[in-house]
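Laboratory data are not the source of any read-out in this text; all were calculated from the coordinates shown. Please read all numbers here as calculations on a predicted model, not as lab measurements. Cβ coordinates were reconstructed from backbone atoms using ideal geometry, including for glycine residues, and neighbour counts include every protein chain displayed.
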Amino acid sequence: MLRARPGSWFSWKFNILDENDQIIAGIDIRWMREAGELHLGGRSYRLFREGLFGGAFILEEDGMELARAEKPSSLFRSFTVTAKGRAYRLHAASPVGRTFILSENDRTIGVIRPENAFTRKAVIDLPEEIALPVKIFMAWLVFVLWKRDEESSS
């Protein structure tokens, strides 16, 4: 299980911590576009949206696509994530809550949720067989939606 901690109260930069509370990665979510950067183990990954106002969300390393997330509908907070030939569904557990469920073949296999109702700190509990950059990519997708929700409520 991983945890995410924002850099500061208003920051959309996150540190990703392992089960020993050691920082293993950092995510920087850009303000202007739904894009960002992931730094993990001395490597850098791009997190971005294909189009300026739409399109798939992509995790890329050195120009090679590692994972892709498509929003089946703009009305629902869900993604179809594909990585290494596998397809997952990442979707909100409820219409207004911030908890997201990861499922494969209609079976729940993981969750990304806030530590409590009033924080951006998050628990990332996803299966071991999913590559670490892809797990963090899935968390980034959730953080992008949290950021959208926060901006639309202000």
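By the helix-only formula, in which each DSSP H run with n ≥ 4 contributes -39500 (n - 2.57) and the sum is divided by residues, the chain has a 222 nm mean residue ellipticity of -5000 deg cm²/dmol. So which of 13/135; 84/147; 13/121 end up more than 20 Å apart by C-alpha? Checking Cα-Cα distances, 84/147 exceed 20 Å. Here semi-axes √(5λ) of the Cα gyration tensor in Å was calculated from the structure, and among (i) 25, 16, 15; (ii) 21, 20, 16; (iii) 19, 19, 17 it sits at label (iii).
Along the axis of the charge dipole computed for region 35-97 (Cβ charges of +1 for Lys and Arg, -1 for Asp and Glu, origin at the Cα centre), the listed residues 48, 93, 78 are led at the positive end by 93.
Sorted ascending by nearby beta carbons within 10 Å, beginning with the fewest, 138, 64 become 64, 138.
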